[in-house]
Each structure stands twice: as C-alpha cells, then as structure tokens.
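K.L.:
Here you go, one structure.
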Amino acid sequence: MSTQIPQPSQAAPDTTRIHNIGYRAYDGPRLGRAYARRSLFSQSLRGAYGLGRSAKSKVLPMLLFGVMCIPALIFVAVAVVTKQSKLSIEYTQYALYLQVVISIYLAAQAPQSVSRDLRFRTVPLYFSRPIERADYVLAKFGAMASALFILTATPLLILWIGSLLAKMDFAEQTKMFGQGLVSVALLSVLFGGIGLVLAALTPRRGFGVAAVIAVLTVSYGAVSTLMGIAFATDNTGAIQWLGLFSPMTLIDGVQSTFLGAPPGFPELGGPSTGAGVIYVLVVLALIAASYGILMRRYRKVGL
Amino acid sequence: MNVTMPGGYVKGSSADLWKSPAADLGERLSSRLPYWLVLLWSEKDRAVGLTTAVAHTTTVEGVTVIATESLSKRFPRVTALDRLSLDIGPGVTGLVGANGAGKSTMIKILLGLSPATEGRAEVLGLDVQTSGAEIRERVGYMPEHDCLPPDVSATEFVVHMARMSGLPPTAARERTADTLRHVGLYEERYRPMGGYSTGMKQRVKLAQALVHDPKLVLLDEPTNGLDPVGRDEMLGLIRRVWTDFGISVLVTSHLLGELERTCDHVVVIDGGKLLRSSSTSDFTRTTTTLAVEVTDSDTHPDGTAVLRAALAEAGVTIHAGVEEGLPGAGHILLLEAPGEETYDLVRDTVAGLGLGLVRMEQRRHHIAEVFRPEASPQHEEVPAR
C-alpha cells in the first residue's frame with residue numbers, strides 16, 4: 001500500500017466506516033472527447049427508441065415504428081401475391097403519406113432527448129467533462145436525425161426487398177430506392193433539427209411536444225390550404241413558392257424536382273427546376289440555422 | 001506497493017505511478033493499443049510497481065494543485081472576482097464566502113468554461129485558457145444544484161457519466177460499482193433516482209464526480225439541504241476522498257464552521273477578493289487541550305469538583321472556561337495536556353478517587369478562532385502572494 005497519503009490524526013466519524021473497502025485508482029485508458037461524443041450519440045439514439053430506459057418509454061417509439069412498417073408490409077404482400085410489375089406506392093411518397101406518424105414520433109422523442117437534460121439540469125455535468133458545446137449539439141442532432149432515418153428508411157427497405165421478391169426490375173427499383181433514401185435522409189436531418197430547436201427552447205416536456213406537433217402539422221395544413229386557394233383562384237404562379245413554408249412541402253418540392261418523385265399535389269404540379277434549387281437552399285439553410293440556434297441555446301447553459 | 005486488480009485497476013494512489021517510467025510508457029501505449037492489450041500491460045506493470053513505489057512516497061507533497069494569479073472576472077454590472085491570487089496544494093481546501101462572493105465563478109473558470117477577464121489560472125499545472133478539455137478530464141465537478149434525472153437508476157446514470165469522461169464501457173461499469181459503494185449506496189443504486197432522499201442524491205452527485213478517478217474534485221456546496229447527520233456523513237466522506245482515495249478536494253461552503261474538521265486549508269473570499277488564506281491544521285489537530293468527564297460517587301457527590309482540586313494539586317493547568325452547548329456541559333474539565341504523562345496522571349487520579357471516567361478526549365480548537373483578529377499565537381497564516 002502506498003504510504004504517501006497523510007493519515008488523519010483524528011478519526012473519521014464512525015458512520016462512514018462501513019464503506020471502507022479500499023479505494024482502487026484507475027490507471028486504464030481515457031478515450032477522450034471523440035469517444036465521449038460517440039457515447040452520447042449512441043446513448044441518445046438508443047434512448048430515442050426507449051432502449052436503456054424504462055419499459056414504459058419503449059411503448060410509444062416501438063408502436064410508431066410498427067405503424068410505419070405495417071403499410072409497407074401490406075404493399076409488399078399485395079405486390080408479391082398479385083405478381084405486380086411495380087409497387088403501388090412510390091418510395092419517395094411513403095414518408096409523405098405517413099407524415100403524421102413521423103410528426104408524432106418527433107414530437108415525443110425530441111423533448112425526451114434535450115428537454116430532460118435542461119429540466120433536470122444535467123447539462124452542466126456534460127460540460128464539466130471533456131466534451132464541448134459543439135460535441136453535445138452534434139451528438140444530440142446526429143442521434144435525432146439517425147433515429148428519424150431508421151424510422152423512415154426501414155419501410156423503404158421493406159418495400160425494396162419486397163420488390164425484389166416480386167421479381168420486379170432490379171435496376172429500376174434500386175434506383176428509386178436510392179432516391180427514396182436520399183429524400184428521407186434529407187427529411188430526417190431537417191425534421192430532427194426543427195424538432196430539437198423547438199424542444200430545446202423549453203425545459204418543459206409538454207410544451208416541447210405541443211410545439212413540435214403544432215409547427216409540423218399546422219404549417220403543413222396552412223400551406224396546403226393556401227395552395228388550394230391559390231389553385232382555385234387561378235393564382236398558379238404563387239403555388240410553387242407556397243411550398244417553402246412548411247417542412248414537409250419543402251422536402252416534397254426537393255424530391256419532385258431532383259429525385260424523380262411525383263409532386264405531392266399532382267394537379268398543382270411541382271416547382272420548376274429554378275424554384276427547386278431554392279427549395280434545396282432553403283432546406284440546407286434551415287438545417288444550418290437549427291444547428292446555429294442549438295449552439296446559441298447551450299451557450300448560457302454551461303453550469 | 002501496487003497490487004493489480006482484475007480489470008486493470010491498480011490499488012493504491014496513482015501518484016507513484018505517475019512517476020514510474022514504466023507506467024508512463026504504459027500510459028502512452030494505452031492510447032494506441034486495444035483495451036485487452038492494455039490490461040496485459042498493467043499486469044506486467046505490477047512487477048515494476050513493486051520496486052518503484054517506495055521511492056516516490058512523498059512526491060505528492062509540495063505540488064500545486066490550483067494556482068491563480070491576479071485572477072479577475074468582471075461582468076457588466078458586477079465584479080465577481082477581483083485580482084485573486086491563490087496557491088492551493090494537495091489536500092482538502094475549503095473555499096468559504098457568502099452567497100455571491102464569487103465561489104461558483106471561480107469553479108467555472110477553473111474548469112475552463114468561462115474565460116477570465118484578467119490574470120491567469122492553472123489547475124494541475126495546466127492553463128485553464130488553453131487546456132480546458134485536459135483539465136476537465138482530470139477533474140471532477142459536483143454542482144450545487146440538483147442535476148439527476150429522476151427516471152434512471154444511479155448505476156445507469158453514473159456509468160453514462162463515466163463514459164462521458166472517456167472511460168471504456170467495461171471500466172465505466174466497474175468503476176461505477178466501486179464508486180457508488182464508496183459513497184455508501186448499495187441496493188438502492190438500481191432504483192430510479194426520483195425516489196432518493198436528499199442525502200442519497202448528494203452521494204450520487206459525489207459519485208459522478210469521482211467515477212473517473214480524477215486528481216482533483218471541485219465540490220460546490222456539497223452539504224446543502226442536508227440534516228446535521230447527513231452533513232456530518234458528507235463531511236466525513238469528503239475527508240476520505242483525500243485521506244483514502246488520494247484525490248485533492250476544493251470544497252465551497254458559506255459556513256465556515258462546517259469546514260473545520262474537513263479541510264487542511266481554508267480560503268475565505270468576499271466580494272471576489274481574498275480575505276484570508278490559512279492552514280487549519282494547527283488549530284484542528286495539534287491541540288493540547290484535554291476534556292475529561294467523570295461520574296459522581298457516594299463519597300464524592302461532586303466528582304468534577306474533587307477531580308479539579310486533585311489535579312490542580314498535582315500541578316495540571318486547568319482551563320477556567322466551560323464548554324457550552326455540548327452534552328455534559330458543566331461537568332467537563334478542560335485541562336492542558338502537554339504530553340503522555342498527563343493522560344496517565346488523570347487516569348491514576350480518577351482511579352484513586354474511586355470515580356468513573358466517562359470520557360477523556362482531545363478537544364479541537366474551533367476554526368472561527370483562526371479568523372478572529374486576536375487569533376492565538378500558534379496561528380500560522382499563509383499570506384496571499
């Protein structure tokens with residue numbers, strides 16, 4: 001036993017004696033900042049599906065994951081049984097049809113990911129360790145986007161495997177599958193960013209849930225209503241710009257311009273290529289803005 | 001000597017290993033090698049540790065843990081720290097000040113999370129401006145406020161925090177189990193923390209600060225909200241962090257009194273300025289006052305008075321003062337005991353009178369005396385640089 005530690009000349013109180021089992025110093029590796037960031041990422045990603053948390057918190061994400069996949073399984077079953085030559089749904093349309101499920105998932109999990117740390121004031125503990133603000137934001141952002149990607153890409157994978165089982169054209173299906181993946185990847189990052197920003201604004205989880213639902217569904221409802229009004233009043237020039245004001249129609253605009261997807265409102269037509277470029281720029285700007293706002297949000301939280 | 005435990009732990013303070021060339025090599029290697037290989041290495045290291053440890057038994061002394069040089073922090077409205085210069089060595093150091101005296105600001109700066117307006121600070125020889133991440137890897141922090149999510153268990157939470165400090169998954173789990181046991185959490189550690197008492201929560205907060213085996217822990221008001229028993233237990237635990245674990249401690253408090261038993265050194269700041277920086281060891285340890293309490297008997301209805309007379313006759317200096325507010329106050333004799341022989345004399349005198357000896361114990365001076373203007377002569381003040 002090392003003897004350089006000065007022994008106290010007065011005894012510690014007896015109440016603490018029972019813990020005296022000998023202290024072991026840690027001499028193993030310390031893996032540093034990048035490892036801590038990865039650990040936070042994986043913990044957050046697992047947490048987004050309730051893994052490593054209570055049984056109760058697994059129910060909703062797993063249920064929503066099931067709801068996302070069941071239609072895909074039905075489409076596949078129908079296609080295989082009736083020997084269709086093409087799936088009755090486009091890969092790129094899938095997320096659009098099931099956007100309510102995605103919104104509910106995001107509304108439930110984004111506050112879970114960030115509001116808890118704020119509410120229970122765990123954030124200072126993170127920042128008293130080697131990770132920096134950017135590491136925390138990147139890990140949380142990445143985990144949320146990855147969770148959404150798992151949610152939205154798994155049904156596409158089911159569709160693609162189903163299309164191969166139904167012996168559809170491999171090259172064509174794979175290309176469309178790829179386009180679908182790019183589309184949902186973009187959607188995941190955009191939605192993840194928006195969800196986290198809204199959730200991080202308040203330490204109250206309920207407000208976070210409400211804010212995410214409101215922003216996603218209300219904006220989509222408002223934009224599609226305005227599009228309808230513009231169409232009815234023959235104001236067709238405005239239609240392609242209205243889509244810029246809701247996250248879902250933004251993704252729709254991008255994929256119908258560049259990813260071979262049919263526009264969300266076929267009778268209205270999609271944006272022109274020039275407008276499509278604007279759509280892409282707006283999506284990227286929103287993602288960057290989400291990151292920037294999150295970084296700002298956590299500037300004051302450290303300790 | 002060092003004994004390597006399964007899982008790559010080395011028993012005993014790591015201070016001697018810091019100096020061991022083999023351990024140094026091992027450390028450099030461990031950043032590049034897979035974990036299992038590192039384990040093999042620390043097995044090998046055992047033999048080396050046996051021979052080198054003894055030579056470095058005193059290296060921990062005389063090293064500066066925290067040093068600040070005219071450190072200032074000014075906010076638009078307030079000056080939180082005003083040209084503060086400190087030199088804090090290993091051990092338990094108390095940072096005392098009223099609320100708003102700049103204690104928390106100081107901790108933020110020491111963790112490299114908030115830049116100083118002026119001056120510089122070093123923690124474990126690392127500059128806070130440039131080496132924040134390295135400092136935070138070697139330092140533990142226990143915040144003043146509540147910081148525990150109620151729906152996870154202490155084990156899960158501390159494992160996660162250990163990984164945030166860079167510990168590999170297996171080591172994080174092993175150290176979590178060890179650390180929680182050291183702070184006194186047993187079966188409760190598998191239950192969600194929402195149901196914990198304040199005392200248990202404080203222990204988890206301390207455990208997460210210790211789990212990565214830091215060289216220094218910064219404890220912000222660790223006794224806040226605890227009842228007197230919990231307070232005593234927490235203070236005892238803090239003392240053990242240094243005496244048993246070899247981890248230096250900086251503990252803040254707004255109560256001077258509660259630090260007297262715990263700290264080797266006390267720094268008092270007020271309004272961001274250094275008020276006093278003193279060693280407490282002379283006052284709390286090497287006191288020569290002996291407290292004696294005896295029973296009464298049939299032959300001597302007032303045992304205390306008889307003993308007082310008998311001891312005075314034997315040439316023992318008896319203090320006139322009477323302790324107040326303690327059990328047996330008024331029945332306790334305080335006397336000067338310069339050496340062992342006084343203890344024997346007291347024992348023999350009590351036995352000769354046929355009285356029962358209830359207690360005979362060393363009394364400590366109170367830290368408050370340190371800060372009184374007419375402080376006692378053995379008071380050794382360490383002036384600020």
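K.L.:
Place a label point 7 angstrom from the Cα of B:Leu275 along the Cα-to-Cβ direction, then list the residues of the stretch B:211-250 whose backbone nitrogen is under 17 Å away.
P.N.:
B:221
K.L.:
Give the value in nm², to one decimal: projected area of the alpha carbon convex hull of the stretch B:139-193, averaged over all directions.
P.N.:
Projected area, direction-averaged: 4.0 nm².
K.L.:
Here is a follow-up. Ignore the peptide's own chain and count Cβ atoms of other chains within 10 Å of each Cβ in B:240-247; give me the average, rounded.
P.N.:
So the per-residue partner count for this stretch is 5.
K.L.:
Please give the charge dipole size of the stretch A:86-184, origin at the Cα centre, charges +1 on K and R Cβ atoms and -1 on D and E Cβ atoms. Round to the nearest 20 debye.
P.N.:
340 debye
K.L.:
If you find the alpha carbon centre of the stretch A:26-82 and of the stretch A:242-257, how far apart are they in angstrom?
P.N.:
27 Å
K.L.:
On a 0 to 90 degree scale, rounded to 10, what angle separates helix A:170-200 from the longest Cα axis of chain A?
P.N.:
Taking the Cα atoms of chain A, the angle to A:170-200 is about 50 degrees.
K.L.:
Can you give me the three principal axis dimensions of the stretch A:126-185 from its C-alpha atoms, in Å, biggest first?
P.N.:
56, 15, 14
K.L.:
Let me ask another. In nm, to one decimal, how far is the modelled label at A:Lys56 from the one at A:Ile161, with both set 7 Å along Cα→Cβ?
P.N.:
Inter-label distance under the simple model: 3.4 nm.
K.L.:
Classify the stretch B:66-283 as rounded, prolate or oblate, taking a ≥ b ≥ c as the square roots of the eigenvalues of its Cα gyration tensor: rounded when a/c is under 1.5, otherwise prolate if a/b is larger than b/c and oblate if not.
P.N.:
Because a/c hits 1.5 or more and a/b exceeds b/c, the stretch B:66-283 counts as prolate.
K.L.:
Averaged across the residues of A:54-60, what count of C-beta atoms belonging to other chains lies within 10 Å of each residue's C-beta?
P.N.:
That average works out to 1.
K.L.:
Measuring from label point to label point, each 7 Å out along Cα→Cβ, what is the A:Leu244 to B:Arg120 span in nm?
P.N.:
My value for the distance between the label points is 5.2 nm.
K.L.:
Test of understanding: express the Cα radius of gyration of the stretch A:31-297 as a ratio to 2.2 N^0.38 Å, with N the residue count.
P.N.:
1.06
K.L.:
Now, a different point. Taking the Cα centre of chain A as origin and charging only Cβ (+1 Lys, Arg; -1 Asp, Glu), how large is the dipole, in debye to the nearest 20?
P.N.:
That gives chain A a dipole magnitude of about 1420 debye.
K.L.:
Shifting gears a bit: Please sort A:159-166, A:133-140 by packing, taking for each peptide the average over its residues of neighbouring beta carbons within 10 angstrom, highest first.
P.N.:
A:133-140, A:159-166
K.L.:
Quote the relative contact order of chain A in percent (integer), defining contacts as alpha-carbon pairs under 8 Å separated by 6+ residues.
P.N.:
The normalised contact order for chain A reaches 21 percent.
K.L.:
Could you work out how far apart the two model spin labels at B:His145 and A:Thr273 are, taking each label as a point 7 Å from the Cα in the direction of the beta carbon, and quote it in nm?
P.N.:
5.4 nm
K.L.:
Anything over 18 Å Cα to Cα? Flag those among A:Lys86/A:Lys167; A:Lys56/A:Lys140; A:Lys300/B:Lys273; B:Lys108/B:Lys201; B:Lys73/B:Lys103, in the order listed.
P.N.:
A:Lys56/A:Lys140; A:Lys300/B:Lys273; B:Lys108/B:Lys201
K.L.:
Would you work out the charge dipole size for the stretch B:66-283 about its Cα centre, treating the Cβ of every Lys and Arg as +1 and the Cβ of every Asp and Glu as -1, and quote it to the nearest 20 debye?
P.N.:
Computed charge dipole of the stretch B:66-283: roughly 340 debye.
K.L.:
In addition: With a Förster radius of 41 Å, plug the Cβ-Cβ distance of A:Arg299 and A:Gln84 into 1/(1 + (r/R0)^6) and report the FRET value to the nearest 0.05.
P.N.:
0.15
K.L.:
Another question, if that's okay. Among A:Gly228, A:Gln109, A:Leu281, whose Cα projects farthest towards the positive end of the dipole of the stretch A:31-297, with charges put on the beta-carbon of Lys, Arg (+1) and Asp, Glu (-1)?
P.N.:
Comparing the listed Cα positions along the dipole, A:Gln109 ranks first.
K.L.:
Let me ask another. Between A:Phe245, A:Phe75, A:Phe120, find the one with the highest GNM mean-square fluctuation for chain A; connect C-alpha pairs within less than 10 Å.
P.N.:
A:Phe120
K.L.:
Other chains' Cβ within 10 Å of B:146-159 residues: what's the mean?
P.N.:
3
K.L.:
Assuming R0 = 22 Å, what is the FRET efficiency of B:Thr317 and B:Leu255, from their Cβ-Cβ distance, to the nearest 0.05?
P.N.:
0.10
K.L.:
I would also like to ask the following. Rounded if a/c is under 1.5, else prolate if a/b beats b/c, else oblate: with a ≥ b ≥ c from the C-alpha gyration tensor eigenvalues square-rooted, which is the stretch B:83-188?
P.N.:
Verdict is prolate for the stretch B:83-188.
Readers should treat all values here as calculations from the given coordinates under stated rules, not as data from a laboratory. It should be emphasised that the depicted structure is a prediction, and the values quoted were computed from it without experimental measurement. Backbone-built Cβ (ideal geometry, glycine too); neighbour counts: all protein chains shown.
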